[in-house]
Amino acid sequence: MEIPAKYNPSEVEDKWYKYWMDNGFFRSVPDEREPYCIVIPPPNVTGVLHMGHMLNNTLQDVLVRRARMLGKNACWVPGTDHASIATEAKVVAKLRAEGIDKNSLTRDEFLAHAWEWKEKHGGIILEQLKKLGASCDWDRTAFTMDEALSASVLKVFVDLHKKGYIYRGVRMVNWDPQAKTAVSDEEVLYREVQSKLYYLKYFIDGEDGFVTIATTRPETILGDTAVCVNPNDPRYTNLKGKRLIVPLIKRSVPVIFDEYVDVEFGTGALKVTPAHDVNDYMLGDKHNLESIDIFNDNGTMSTAAQLYVGMDRFEVRKVIVKDLDAAGNLAKVEDYVNKVGYSERTDAVIEPKLSMQWFLRMKELAEPALKAVVEGDIQLVPPKFVNTYRHWMENVKDWCLSRQLWWGHRIPAWYLPEGGYVVAETEEEVLQLAREKSGNANLTLADLRQDEDVLDTWFSSWLWPISVFDGIRKPDNEDVNYYYPTNDLVTAPEILFFWVARMIIAGYEYRGAKPFGNVYLTGIVRDMQRRKMSKSLGNSPDPLDLIAKYGADGVRVGMLLCSPAGNDVLFEESQTEQGRNFSNKIWNAFRLVKGWEVNADIEQPVSAKAAIEWFNHLLNKEIAQIDDDFDKYRISEALMAVYKLFWDEFSSWFLEMVKPAYQQPIDATTYAAVLEIFEKMLALLHPYMPFITEELWQLIRERTQGESLMVSPMPKSQASDAQLIERFELMKETIAGVRTIRQEKNIPQKDKLKLFVSSTESLGENVESIIVKLAGLELLQYTSDKVDGAASFMVRSTEFFVPLEGFIDVEEEISKLKTELEYTKGFLNSVAKKLSNERFVSGAPANVVDMERKKQADAEAKIQVIEERLAALSK
């Protein structure tokens, strides 16, 4: 078969992906084999592939493909997340572009638009993952709002409510005014910003004097209901029993005393706005203060603010400062750096807000999940994240479950006409409970009102490793009993708490077992300036463009060469170019081997037999190292090991050792061994580079329909001879020494050289035969004397001589050596001067002085070699 001169990834990738799909190689059903299971971190249903997905899913595919080749029943479950906030925002924007206001639609009308959007755009990212080579069991593709998964979510909500873990109450929440919903603490990102600190005068009610308070948010004074000072602060003892006047609205508020106030911070006097600051809320609760909510849900001022009603909060900040100044209440303004919370989803500034929400008590539920990680039952890779995890779990707060949205799982709570509510999975159960609770047997569903809110998206994805196998509704089904707990989870550290910790909690609550054994935490993909890749910065390449340019295998290798677990990935396009170059290297090596003519009648040379024995031992050693790397989740290091094995050892050395002379055939024994080794190399590379390895594996020999490298066994490590491998390392250094002399003296490869070895111990016929072949020798001989007129080099403690008579101009060589000798003596003199300076020797760091002494010793040794060489040439 004619092998194309160049590797064409696009032709190969589509062909083999279809072949794998057609043959059902990705499909997994329970059987007698050991299962290996990964569930995909479900991307947003409306998302498209970005560089973070590329890294994450390449790692998963490597693990799954390797497990499959190790004989395990590998199952990689794909799917998408309904992403309440992000998806609803996109649908609202799409409707707005069509001139439709969400508020003009009923809930059902809006959801019809949302489902239409999901059907059109949902799943694009999964199709894109196929281009990457992802070997998911696509028959198992799940969506968090599928019927089975939705029913699982409602079942868990009802169950946790019955157990007393879920409750409803007014609490201070993080309010996103753009999405108009509460978000959890973990969905708030804090950034340092340049702000202003405004010093405001609060005049004492009924007498002269004032108290100065400092705030970064002057617009919130409209909700002030007290001023708090520390009872131990001597500056404010005169204020006991006094009241102060809130600027502009002239509200009289009490002065309260609490040790919560830091005497050293600011002016020592704190304005208290219970409705809009979490700490003020706690003070208000403790001192029984009025709570005035001055903001509407969209961040504009409410009627309760009395002033600036309907204006945006940031516009009010600009106006109110001028009004405070005009009223004589502005003492001064200072520049100030503080941390401000932003919504992870919309990037809007978060507004602390009192709101009626649904919450899940976390402390008791979190205990088994904390223990599992701290005691090592679940391994975090790298382990540096264990302390972060412990800190969060030991300080876990109740989870705000409700979101003021329409897209998502609607909370299964129904309110009764006369107060109170019931929680149930189905409308039939709801009606039954409502009639029992109200004592009214005539109640109909129309008399009840379902809660308008939906559940936090994470409340569905925390069940993912169970719900994708329908293990909530059917806890004893074959799938969940076989695949759960899953083996590995590959995800990003930033969702360690959003998702990973909560899945562990759910696993212990609903299966009594961990959901996975190992969590591999990837780094963040950044550019070379260490900026996170994002569309807004324009520094994130389109992964599909990279695949089109460099091939999927090239992109996979490029991503993984620079991505040790837990460390950020500094990405530049040259890395995917390196991956493509490696693909080309493999392709060209294959073309070289397949281009050899085979002759079954010729004997196997000693050099070829020796080379095959050496490479098989080296291969066994490297397989053991690769196995160890995978056991420790050193996935990038394992790739580097097989990369170097192929490039440096297989291509650069082994193929050169066995290659027949120009236009000569190769013996059949050697050729068969080379193909067998090539197949093993392809198998080791396959998890990283599935497409090119499948193509070459199919071309290497005749295959039958249904055969594939991806379901062939991974090579196993046998015993390796360390002494044999070491002898070949010495051999390679010897060949390199001869080649260096050829290069320095411009001696063509066709000119045969002699090599004398200053040793009484033989290198062995095997090694000698390869040195003779690769160094281009006519003679290899042992000697106990120095050889006159020869260039020499050292390999460890053995000296080698290459006679140069007839190959060089002696006078020219002597001139070169004298110039080099003069330069080296000058260099030695400068180093000796530095070392004779006592101030330098006593004052410089020890490692610097040691480096200078090494330079001195190296220069002295070099001078000796040059002088000996000059003496030999002058005879």
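Brief remarks follow.
- Across region 168-190, the number of residues qualifying as in contact with a Lys or Arg (Cβ under 7 Å, 6 or more places away or on another chain) and surrounded by fewer than 19 Cβ atoms within 10 Å (Cβ to Cβ) comes to 2.
- Count of residues meeting criterion [at pLDDT 90 or above and of a type in the set (Lys, Arg)] in region 74-101: 2
- Condition check for MET356 on (1) surrounded by 18 or more Cβ atoms within 10 Å (Cβ to Cβ); (2) part of a strand (DSSP E or B): one failure, at (1).
- Selection status of PRO845, open to solvent by 70 Å² or more (accessible area, probe 1.4 Å) and out of contact with any Leu (no Cβ under 7 Å at 6 or more places or on another chain): yes
The rows are residues; the columns are (1) open to solvent by 20 Å² or more (accessible area, probe 1.4 Å); (2) assigned to a loop (DSSP other than H, G, I, E, B); (3) in contact with a helix residue (DSSP H, G or I) (Cβ under 9 Å, 6 or more places away or on another chain); (4) under 30 Å from GLU13 (Cα atoms).
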position	(1), (2), (3), (4)
THR693	no, no, yes, yes
LEU696	no, no, yes, yes
MET710	no, no, yes, yes
MET714	no, yes, yes, yes
SER720	yes, yes, yes, no
GLU729	yes, no, no, no
GLU733	yes, no, no, no
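- Candidate set: region 286-325, residues that are among the small types (Gly, Ala, Ser) and either in contact with a Cys (Cβ under 9 Å, 6 or more places away or on another chain) or not in a helix (DSSP H, G or I) (or both); chosen: the one surrounded by the fewest Cβ atoms within 10 Å (Cβ to Cβ): GLY310
- Scanning region 598-633 for residues that are of a type outside the set (D, E, K, R) and either touching a strand residue (DSSP E or B) at 6+ places or on another chain (Cβ under 9 Å) or not in a helix (DSSP H, G or I) (or both) returns VAL598, ASN599, ALA600, ILE602, GLN604, PRO605, ALA608, TYR633.
- GLU868 vs. criteria out of contact with any Leu (no Cβ under 9 Å at 6 or more places or on another chain), free of Cβ contacts under 8 Å to residues at least 24 places away in the same chain, exposed (fewer than 14 other Cβ atoms within 10 Å of the Cβ) and more than 30 Å from VAL606 (Cα to Cα): no
- Qualifying positions in region 554-577 - touching a Phe, Trp or Tyr at 6+ places or on another chain (Cβ under 9 Å) and in a helix (DSSP H, G or I): GLY554, ARG556, VAL557, GLY558, MET559, LEU560, GLU573, THR576, GLU577
- Any hit, region 426-438, residues being open to solvent by less than 20 Å² (accessible area, probe 1.4 Å) and of a type in the set (D, E, K, R): no
- Taken over region 441-460, the criterion of being surrounded by 12 or more Cβ atoms within 10 Å (Cβ to Cβ) and among the small types (Gly, Ala, Ser) is satisfied by SER460 alone.
- Any hit, region 738-758, residues being open to solvent by 40 Å² or more (accessible area, probe 1.4 Å) and part of a strand (DSSP E or B): yes
- Being over 18 Å from ALA331 (Cβ atoms), part of a strand (DSSP E or B) and not small (Gly, Ala, Ser) is a property that does not hold for VAL261.
- The condition (being out of contact with any Asp or Glu (no Cβ under 7 Å at 6 or more places or on another chain) and at negative phi) is satisfied by just one residue among LYS862, LYS834: LYS862.
The values are calculated or read from the model by the stated rules, or taken from the named source; none is laboratory data. Note that the structure is predicted; figures quoted are calculated from it, not measured. Every residue, glycine as well, gets a Cβ built from its backbone with ideal geometry; the counts of neighbours run over all protein chains shown. Heads up: the accessible areas ignore ligands, DNA and RNA and are worked out on the full protein's heavy atoms, side chains in. Shrake-Rupley method; radii C 1.70, N 1.55, O 1.52, S 1.80 Å.
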